[in-house]
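The values are calculated or read from the model by the stated rules, or taken from the named source; none is laboratory data. Note that the coordinates shown come from a computational prediction; the quantities given were computed from them, not determined experimentally. Ideal geometry is used to build each Cβ from the backbone, glycine not excepted, and the neighbour counts take in all protein chains shown. Accessible surface areas use protein heavy atoms only, side chains included; no ligands, DNA or RNA. Shrake-Rupley method; radii C 1.70, N 1.55, O 1.52, S 1.80 Å.
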Amino acid sequence: SACISAVLGSAFQDPAQGIYLEAGGTPFRHGDAATYSAGLGVLLPWTPAPVFSQGIQSLYWDLFAGNWSARSDSGGRSNFAQLGVILNWRYRFAQGHSPWFAELGLGGSLMDRTYHSPGREFSTAFQFTEVVGAGVSLGDHGQHEVALRLQHFSNAGIKEPNPGETFVRARYTYRF
């Protein structure tokens, strides 16, 4: 709690660049196994209007690389590499003075091949992605962030089948 108290009196670094690691899985199993994901990324601030530079709201680009690990039909695991980009909107509570934040994002991703697991099969390697998350900034200037994010991938009906996949992910970010 002393860490949170120290953050309350200082400025947050939402407009600062950052790097992150995240991991998670599908909350709903398909067949008898879940799909797991791990990734790393870079956060690049984007502030096109004065209202977004006052600390309450901010926009940033999230460029990421990841891997999905799903059960294969043969009983082993298959891995799917992924690259993507998301534009995120962040809202910081208490007029920008709270360590707590919420965010929404919309973007796209490209996998090295079409995703397939027992009970799920995508028809395209390209997927749109939407994310909603909440987190807290820690450290002397809020340079450490921990967040929980819900992220969905789907091709938006471009081609069938389009079952989509949803992940719950934990993320650690370091802003510099």
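If a/c stays under 1.5 just call it rounded; otherwise compare a/b with b/c (prolate if a/b is bigger, oblate if not). Do that for segment 115-175, with a ≥ b ≥ c from the square roots of the Cα gyration tensor eigenvalues.
Judged from the Cα gyration tensor, segment 115-175 comes out prolate (a/c at least 1.5, a/b above b/c).
Round to the nearest 0.05 the FRET efficiency obtained for residue 174 and residue 120 when R0 = 25 Å and r is the Cβ-Cβ distance.
Once the sixth-power term is evaluated, E becomes 0.15.
Ordered by residue, what ³J(HN,Hα) values in Hz, to whole numbers, does segment 162-174 give under the Karplus form 6.51 cos²θ - 1.76 cosθ + 1.60, where θ = phi - 60° and Gly and Pro are x?
For segment 162-174, the Karplus-derived couplings read 9, x, x, 8, 10, 10, 9, 10, 9, 10, 10, 10, 10 Hz, x marking Gly and Pro.
How large a share of the accessible area of the chain, in percent, is made up of carbon and sulfur atoms when the probe is 1.4 Å and the other protein chains stay in place?
Carbon and sulfur together cover 66 percent of it.
Roughly how many Å² is the accessible area per residue of the chain, as a whole number, for a 1.4 Å probe?
48
Regarding segment 42-128, what is the average projected area of its C-alpha convex hull, in nm²?
Result: 7.3 nm².
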